[in-house]
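Below is one structure, written out as structure tokens; the observations come after it.
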Amino acid sequence: MLQSHHSVSFTIRGVHGGLTTVTGLITLKEQSLELEFESADAIIGFVKSDLKTISVPFSSIRRFDYESKFLRGNKFILQVKSMSAIKDVPGSKSGKVELYIDKPNKEDALALVSKFKMDFSEFRLGELDE
């Protein structure tokens, strides 16, 4: 079961025409999603970028879902209200990024999305009260 501040590992596919591999962790924080990631050359796997951390506040998130496709694999879909919220995330396009999840992490991924939806609903209700 998902612990508070639990992380799920992901990869981002198709960066720089498939020449770059991006791996990272996504963590549900109190009122944000945090993405930590690094890039490496996909062919050699040798040259790595510095570790980057992006915090996406709930107020910037339009949607965060989990999809499981038979041949395409499991993935999170993060879509934001403004492209600037995830502009530094490799592979992001038009304010959307797909984070692929390995099968062994499926249960943790489902738990993270479930907890996010509950926390996000509470956040949105709080906005209505203000």
inquiry  = Six or more apart or on different chains, Cβ atoms under 8 Å: show the pairs whose first residue is in the stretch 93-120 and free of Cβ contacts under 8 Å to residues at least 12 places away in the same chain and whose second is assigned to a helix (DSSP H, G or I) and not β-branched (Val, Ile, Thr).
reply    = Ser94/Met83
note = When the stretch 80-119 is checked residue by residue, the ones that are within 24 Å of Lys52 (Cα to Cα), assigned to a helix (DSSP H, G or I) and not charged (D, E, K, R) are Met83, Ser84, Ala85, Ile86, Asn105, Ala109, Leu112, Val113, Phe116
key: Only one of Gly24, Gly73, Gly45 that is small (Gly, Ala, Ser), in contact with an Asp or Glu (Cβ under 9 Å, 6 or more places away or on another chain) and surrounded by fewer than 17 Cβ atoms within 10 Å (Cβ to Cβ)   = Gly73
inquiry  = Pull out all pairs, ordered by first then second residue, where Cβ-Cβ is under 9 Å, the residues are six or more apart or on different chains, the first lies in the stretch 45-56 and is at positive phi and modelled with pLDDT under 95, and the second is in a strand (DSSP E or B) and hydroxyl-bearing (Ser, Thr, Tyr).
reply    = Gly45/Thr21
message = Can you confirm whether Asp102 is loosely packed, with under 15 Cβ neighbours inside 10 Å and either under 15 Å from Ser9 (Cα atoms) or among the hydrophobic types (A, V, I, L, M, F, W, C) (or both)?
response = yes
request  = Please verify whether the stretch 48-59 includes one or more residues that are among the aliphatic types (A, V, I, L, M) and either more than 29 Å from Leu125 (Cα to Cα) or assigned to a loop (DSSP other than H, G, I, E, B) (or both).
outcome  = yes
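The values are calculated or read from the model by the stated rules, or taken from the named source; none is laboratory data. Keep in mind that this is a model prediction, so the values were computed, not measured. Glycine gets a Cβ as well: all are built from the backbone with ideal geometry, and neighbour counts include every protein chain shown.
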